[in-house]
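Working notes for the structure below.
The values are calculated or read from the model by the stated rules, or taken from the named source; none is laboratory data. Note that the structure is predicted; figures quoted are calculated from it, not measured. Note that each Cβ is placed from the backbone with ideal geometry, even for glycine, and that neighbours are counted across all protein chains shown.
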């Protein structure tokens, strides 16, 4: 135990004394600056109409980036695994129509090149936080990387995983806290807001939070989102669906359009209280 | 897993449909209303001068209540165990001088009557969250109770412990989240802000947060305090010492007077963003 | 992390270099010697007939000590809390009839003297592992103490709690591992057999295991019991009821008489493979 | 919570009513039969001399299979990552010389074909338990798979991961419990012997245990190994090095040749007490 010290074992990721925060740019979006970045979108890309509608209301609410899964890492092999390459094309269309950059998850090192052609940012999901071949390919892809924390990853391990990305040539990485696994069963995971505060101290890279996977229940997503910003998060990754009850996956934690707009407004007030904006 | 439902097993603690929030009064202090309550003070009561000084700057910063331990539950039998009854007298003097109500921990059911004569509110600490004889005595004492969550207490168990207090005749109880024990070693505990959001939904009783024990490191206390309020907490229990390096216990997590004032100001901005105050 | 070193902070409990194992005697029973001690009995003392029947088959199977709760620490205040003083009398009768010494839990420091008059050994339960006034009273009682590990207790904290008992004058203490709380929900708790191996190394005191609370399901109790002995445990504390389906508490994890006899036989074979007996 | 029921979501992995245990053959070795399989070898393959020496004393002690890592999944990118393809060649030589089949870890789906040419059994490591592309490739490779549990994996998730392997065409899979991550810091991980008992009940596939990674300390490896067999494990995966202090990785948990022989003898006695052998 004890407060973390800037680590010699992660020289590229750790903040050196006096080093300013790194701004990670994805299109026009800037992670790590004064503005808190709001990313919205469905768990899984389902069809073109869904993504176009979503992009419209995400943007109207103040969101500046779009998320959506083309490949879904599902615990069970018989669950819906995503549209794959067809999902990438739908994301490309939605970006074209909305002007919003897109982030999507890549699961397989063999897909990195393909995904990097379409996506503006590559997401490495929780289950792959120590998938080292994937981290290396993502780092070598030239695309910014969004690195989610694993469900049982310590902060030090997470920093080391980010170091794999940077050591492979990547320079733009954003951490994403999404809740950890604990003994407490009420919510899906336990959001570790302390990790946000610690990371803002020990690394120069931006940190965002996914309150949707942490809560697993729409009723509690906004409270967690506010807490994340209050703890210092540089952005939010929020699941939203234009019709949550029809979602092919994770409907219970997906905000509808009005709920998404309410979250944005509520979080904007917190951001402004900290001299930031959203 | 799954979102909690109002529990039939905890009829006094659970919020009935449409039931308004309960306001718990301790002297002039109101827990659960628009104003976020800030409680400050040292881990352990050391002497009269310390408590008088502390009361002055806590009050000046906007704090409305004083904390201080007369009996300290220490993991090791050879560590400082608190001043005991002499500590209670010092607390009484500090209250007299400052006008601030005091909350202090009681460890032993045989001490409840004695502590209740002096303290305005009885604290049940994390290690005693399932000390049922103590919960019953506290409930029967007539004093409001501050019930800390145990390091590995589920939300449902915590509600049941509160039910013991109310079933024994108590009516005024405030929950205090203080971080749970997880695999993550960087900070002392993992603050579970989700529990605040859940409790505000399923019980009519107020919920406050102790960011000091969660962080265990002054550098991160204020960020956790802000996150707590953003998640909906009705108050904060913060360790502060007029000279942290001289503290007999928990100095590493105790804010000095200026840091305490900064925390109050920073948290006030968050409270106001939520149409509350501090 | 790292292997534990004999602790300076727990001088009475830690094993000094070359120090032999301490044998804790309870009546004719010896904990810590060649013979593995088997303790059997119900979760809760219900009536005299129940205890007499239980004592008979526990003894016939090779058990040498009787357990049964007179006061039950129940999570919910409205659940059956035990027979209290009447339960003690039933235990005394069962001991008289069977010749087996009895161990029973004490929850309240005010009851220690009373319980110590009847019980041959005082059990401190998981929820009270850091109930320091209770530990001190138990240590001062003159009776041997069975100290269960808390659901959230690290090995180092457990040693410190034992040190409270010995520092208060106790000399005879037996540790009891009973499963810890983790993220894994399948069984009731996660039996930490590693803690048995570690304790046998760093303390001179005996260590037993409660496989019933760890498993929470009769189908898995015997496998855990065998594992415990294979890891070096000096005894077993097993829940058994002459008619598990009628048990007032914990029926799902209580072995019937035949299952208890099978467990004893299966564990005896493991003990003999290690040059011990049961 | 609650005892697991044979899962409809994992039809290939779950044990149907009355279904006999599946025997998984790797060369002459049989997992799941009367004989407990002992696998020994170093964390990392270092050179040919090392593997030849190791094979000799592993075999002499009663071990029937060889382990050794050619690719090592290291938390930090700057740590030794294994010899890669050269390591495979060394393993092939050691098999040739000793007649013992070899198991080695594969990290990257692109390497599965190559590793399957040499290795008799493919290990999927803890960090890759939910690396679904890798699970599918391993399942399609035609080689038996050794599937380690992740540090954070529930039993139900572990079954689902095995279902990926079988759904991809694999038929021979062995589970390997290796300790889970909990709050307890004394040993490297907490060996969950309960998972062994549960798996033997709900799946028809064999289950072995890695006591070396669970303990992280040679002093406790043998006790955990004995406990594993007593709980019903069908085999052991043990780290051993002919000169542990010179090992390139994991020296602290690697048994020397004499310690390995002692472990085998001690575990054989336990196996025989259960009418098995080793």
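Quick notes on this structure:
- Taking (1) within 30 Å of residue B:157 (Cα to Cα); (2) within 14 Å of another protein chain (Cβ to nearest Cβ); (3) crowded, with 24+ Cβ neighbours inside 10 Å; (4) touching a helix residue (DSSP H, G or I) at 6+ places or on another chain (Cβ under 8 Å) in turn, residue B:274 satisfies each apart from (3).
- Candidate set: the range C:141-154, residues that are more than 17 Å from the chain's Cα centre (by Cα) and more than 13 Å from every other protein chain (Cβ to nearest Cβ); chosen: the one modelled with the lowest pLDDT: C:142
- Test result for residue A:192, surrounded by fewer than 21 Cβ atoms within 10 Å (Cβ to Cβ), facing chain B (nearest Cβ under 7 Å) and either at pLDDT 95 or above or within 14 Å of the chain's Cα centre (by Cα) (or both): no
- Search result, residues across the range B:120-137 that are under 20 Å from residue B:25 (Cβ atoms) and either facing chain C (nearest Cβ under 10 Å) or in contact with a helix residue (DSSP H, G or I) (Cβ under 7 Å, 6 or more places away or on another chain) (or both): B:122, B:124
- Residue tally, condition touching a residue at least 60 places away in the same chain (Cβ under 8 Å) and touching a helix residue (DSSP H, G or I) at 6+ places or on another chain (Cβ under 8 Å), over the range A:160-175: 3
- Residue match in the range C:250-260 (condition: modelled with pLDDT under 95, more than 9 Å from every other protein chain (Cβ to nearest Cβ), in a loop (DSSP other than H, G, I, E, B) and over 25 Å from residue D:222 (Cβ atoms)): yes
- Residues in the range B:138-154 that are surrounded by fewer than 23 Cβ atoms within 10 Å (Cβ to Cβ) and within 25 Å of residue B:86 (Cα to Cα): B:140, B:141, B:142, B:143.
- When residue C:10 is tested against (1) within 27 Å of residue C:229 (Cβ to Cβ); (2) surrounded by fewer than 17 Cβ atoms within 10 Å (Cβ to Cβ); (3) more than 19 Å from the chain's Cα centre (by Cα), exactly one condition is not met: (2).
- Total residues in the range B:71-102, condition within 14 Å of chain C (Cβ to nearest Cβ) and in contact with a strand residue (DSSP E or B) (Cβ under 8 Å, 6 or more places away or on another chain): 5
- Taken over the range D:200-214, the criterion of being buried (at least 24 other Cβ atoms within 10 Å of the Cβ), closer than 20 Å to residue C:189 by Cβ and either within 9 Å of chain C (Cβ to nearest Cβ) or in contact (Cβ under 8 Å) with a residue 40 or more places away in the chain (or both) is satisfied by D:214 alone.
- Residue match in the range C:11-22 (condition: modelled with pLDDT of 95 or more, within 14 Å of chain D (Cβ to nearest Cβ) and assigned to a loop (DSSP other than H, G, I, E, B)): yes
- Of all the criteria given as (1) in contact (Cβ under 8 Å) with a residue 40 or more places away in the chain; (2) more than 18 Å from the chain's Cα centre (by Cα), the one not satisfied by residue C:18 is (1).
- Among the candidates C:223, C:197, C:228, residue that is at pLDDT 95 or above, at the interface with chain D (Cβ under 9 Å from one of its Cβ atoms), more than 16 Å from residue C:126 (Cα to Cα) and within 15 Å of the chain's Cα centre (by Cα): C:228
- Residue that is crowded, with 17+ Cβ neighbours inside 10 Å and over 19 Å from residue C:232 (Cα atoms), where the choices are C:41, C:32, C:27, C:63: C:41
- For the range A:231-249, filtered to residues that are away from chain B (no Cβ under 14 Å) and crowded, with 24+ Cβ neighbours inside 10 Å, the residue that is farthest from residue A:45 (Cα to Cα) is A:235.
- Given (1) out of contact with any strand residue (DSSP E or B) (no Cβ under 6 Å at 6 or more places or on another chain); (2) more than 7 Å from every other protein chain (Cβ to nearest Cβ); (3) crowded, with 24+ Cβ neighbours inside 10 Å, index of the condition residue B:171 fails: (3)
- Residue tally, condition out of contact with any helix residue (DSSP H, G or I) (no Cβ under 6 Å at 6 or more places or on another chain) and facing another protein chain (nearest Cβ under 8 Å), over the range B:176-189: 7
- Odd one out for residue D:218 among (1) surrounded by fewer than 24 Cβ atoms within 10 Å (Cβ to Cβ); (2) within 12 Å of chain C (Cβ to nearest Cβ); (3) out of contact with any strand residue (DSSP E or B) (no Cβ under 7 Å at 6 or more places or on another chain): (3)
- Residue D:157 being facing chain A (nearest Cβ under 8 Å), outside any strand (DSSP E or B), at pLDDT 95 or above and surrounded by 24 or more Cβ atoms within 10 Å (Cβ to Cβ): no
- Checking each residue in the range C:140-154 for being part of a loop (DSSP other than H, G, I, E, B) and either touching a residue at least 24 places away in the same chain (Cβ under 8 Å) or in contact with a helix residue (DSSP H, G or I) (Cβ under 9 Å, 6 or more places away or on another chain) (or both) picks out C:141, C:142, C:143, C:144, C:149, C:150, C:151, C:152, C:153.
- Of the residues making up the range D:250-260, those that are within 11 Å of residue D:57 (Cβ to Cβ) and surrounded by fewer than 19 Cβ atoms within 10 Å (Cβ to Cβ) number 3.
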